[in-house]
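The values are calculated or read from the model by the stated rules, or taken from the named source; none is laboratory data. Nothing here was measured: the structure is a model prediction, and the numbers come from that model. Every residue, glycine as well, gets a Cβ built from its backbone with ideal geometry; the counts of neighbours run over all protein chains shown.
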Amino acid sequence: MKSRLTFWIVYIFAILIIALHDYPLTLKKSEVGVKTSTIELIQRFEGVKHQAYDDGYGNMTIGVGHLIKKDEPHLYFATLSDRQVKDLLLDDIRPCEDVIKYKVTQPLSQGQFDALMSLCFNIGHDNFERSHTMRHLNDGNYMLAAKSMLNWDRPKSLTKRRYKEHKLFINGA
């Protein structure tokens, strides 16, 4: 009787270990990346403009927050297609993707990755790389990393965005 009970305890324990192993709370580094959810989140926060506009700070912008560079004068008068807007955004977010994929040492859920991509895109990959958010994250302190995201609220119009990113980072979805 005792050996049968031991068998069932070991059996149930083994099933739990397998189940937990097959259902990770975070994804492997190779499984997270820019997905439709990432693009949609950034577009929702930044907005989409098919023609150039002044961003309110004297910067000519087009697409999804793309600052028009000196070597892109053709964009001042262009009307971009949806595909061109998306391609421009994918080029613009690549530095953020690289920083998060190669410099963040802790595993992330897709929701956490998306929240960090939105923050990084908004503040710039250089600022993100030097941020307390990244430092806390690499120390394994997810809660402090999430809290420090809220510090990037200048101008105050960004406060609502930061809280949404914070919530996405905490909830992971």
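General remarks:
- Residues of region 134-159 classified as among the charged types (D, E, K, R), within 16 Å of the chain's Cα centre (by Cα) and under 15 Å from Ala115 (Cα atoms), total: 1
- Among (1) loosely packed, with under 10 Cβ neighbours inside 10 Å; (2) at pLDDT below 60 - the single one Met1 does not satisfy: (2)
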